[in-house]
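Could you have a look at this structure, given as structure tokens, before my questions?
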Amino acid sequence: LAKTTQPISMDSYEGQEVNITCSHNNIATNDYITWYQQFPSQGPRFIIQGYKTKVKNEVASLFIPADRKSSTLSLPRVSLSDTAVYYCLVGDMEYGNKLVFGAGTILRVKS
Amino acid sequence: DTGVSQDPRHKITKRGQNVTFRCDPISEHNRLYWYRQTLGQGPEFLTYFQNEAQLEKSRLLSDRFSAERPKGSFSTLEIQRTEQGDSAMYLCASSLSVTGREQYFGPGTRLTVT
């Protein structure tokens, strides 16, 4: 499974756009990139998933360059309630039976 | 609420005792997963079921751990002869086969072994 590297923590202010970049140099052809969010004392929550280029939903956007060795999760106009841990995961849809989480990025949004 | 539920939410037990946790997945989801999470770390995969069949177990799942999903609906995770190192959050998740990487997690059971 491809290893992912993401910043340990990030700070932002309310109303700003936040971009969290994840490095996955050894991503395989069949691998997808998936992001989860976790609030304290709760289970992780699926945010977004993509294979290449750009994916967007009501919560976030995911940018994946052509070489797919990195990806960027973009959160528009964050609020205090976006303070959470964000995990970048890489794996294929068949082997997606288990999710392999790293330590994630702690995002702190300040007022 | 039709999300994944787990019971109990908190469990304090003494070392050497047995504990059992229950997970009720989203009703139409055929896949069910167990993960363990310790403070400051991401969840670690323990095992997963497709319907009632247990298809994969992590090496983290020692002989003291056993999981079942007898009718392909709810699942139980039992830990025998608990040790202090078993203290963690135990998370259950469910999904449909076709969307395996989009898993829905429950709130977890926090286990404290004293």
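The values are calculated or read from the model by the stated rules, or taken from the named source; none is laboratory data. The model shown is predicted, which means the values in this text are computed figures rather than measured ones. Neighbour counts run over all protein chains shown; Cβ positions are idealised from the backbone, glycine included. Heavy atoms of the whole protein, side chains included, go into the accessibility calculation; ligands, DNA and RNA do not. Shrake-Rupley method; radii C 1.70, N 1.55, O 1.52, S 1.80 Å.
Whenever you get a sec, line up A:10, B:89 from highest to lowest accessible area (probe 1.4 Å, protein heavy atoms).
Details: A:10 50, B:89 20 Å².
Greatest to least solvent exposure: A:10, B:89.
About its Cα centre, what dipole magnitude does the stretch B:57-102 give when the only charges are +1 on Lys and Arg Cβ and -1 on Asp and Glu Cβ, stated in debye to the nearest 20? Each step should come with its number before you reach the end.
Details: 7 positive and 6 negative charges, 33 e Å.
For the stretch B:57-102, the charge dipole is close to 160 debye.
Before anything else, pin down the relative contact order of chain A: Cα pairs under 8 Å, at least 6 apart, normalised by residue count, whole percent. Kindly include the intermediate steps, with their values, before the conclusion.
Values: 275 pairs, mean separation 40.4, N = 111.
Across chain A, relative contact order equals 36 percent.
Count charges around residue B:75 for me, please; just the other residues with Cβ under 9 Å from its Cβ, Lys/Arg as +1, Asp/Glu as -1.
Values: positive: B:22, B:69; negative: B:24, B:68.
Counting the neighbours of residue B:75, the net charge comes to 0.
Sorting A:54, B:11 by accessible area (1.4 Å probe), largest first, what list results? List each step's numbers first, then the result.
On the way: A:54 115, B:11 75 Å².
Highest to lowest solvent-accessible surface, that is A:54, B:11.
Compute the separation of the alpha-carbon centres of the stretch A:1-55 and the stretch B:72-102 and state it in Å as a whole number.
23
Counting only protein heavy atoms and rolling a 1.4 Å probe, how much accessible area do A and B lose on contact, total for both sides, in Å² to 100? Walk me through the numbers before you get to the answer.
Numbers: alone 6490 and 6680 Å², together 11450 Å².
Summing both chains' loss of accessible area gives about 1700 Å².
What size of dipole, in debye to the nearest 20, comes out for the stretch B:22-113 about its Cα centre when the only charges are +1 on Lys and Arg C-beta atoms and -1 on Asp and Glu C-beta atoms?
Working: 11 positive and 11 negative charges, 14 e Å.
I would put it at about 60 debye.
With every protein chain present, what accessible area does residue B:10 have (1.4 Å probe, heavy atoms only), rounded to the nearest 10 Å²?
Counting only protein heavy atoms, the figure is 140 Å².
Taking every pair of alpha-carbon atoms in chain B, give the share separated by more than 17 Å as a whole percent. Kindly include the intermediate steps, with their values, before the conclusion.
On the way: 3228 of 6441 pairs.
Above the 17 Å cut-off, chain B has 50 percent of its Cα pairs.
Cα-based count: Lys pairs in the protein assembly as shown below 17 Å, eight or more positions apart or different chains? Walk me through the numbers on the way to the answer.
On the way: A:3/A:69; A:3/A:98; A:52/A:69; A:54/A:69; A:98/B:57.
Going through the protein assembly as shown pair by pair, I get 5.
Here's another thing I want to ask about it. What is the ratio of the Cα radius of gyration of the protein assembly as shown to 2.2 N^0.38 Å, where N is its residue count, to two decimals?
Cα-based Rg divided by the globular estimate yields 1.03.
Once you sort the root eigenvalues of the Cα gyration tensor of chain A as a ≥ b ≥ c, which label holds: rounded (a/c under 1.5), prolate (a/b larger than b/c) or oblate (the other case)? Could you put the intermediate results ahead of the total?
Values: a/c = 1.90, a/b = 1.55, b/c = 1.23.
Verdict is prolate for chain A.
Just read off the accessible area of residue A:4 with the full protein assembly in place, 1.4 Å probe, to the nearest 10 Å².
30
Using Cα-Cα distances under 8 Å and only pairs 6 or more residues apart, what relative contact order does chain B have, in percent? Write out the running numbers ahead of the final one.
Working: 288 pairs, mean separation 41.8, N = 114.
Reported relative contact order: 37 percent.
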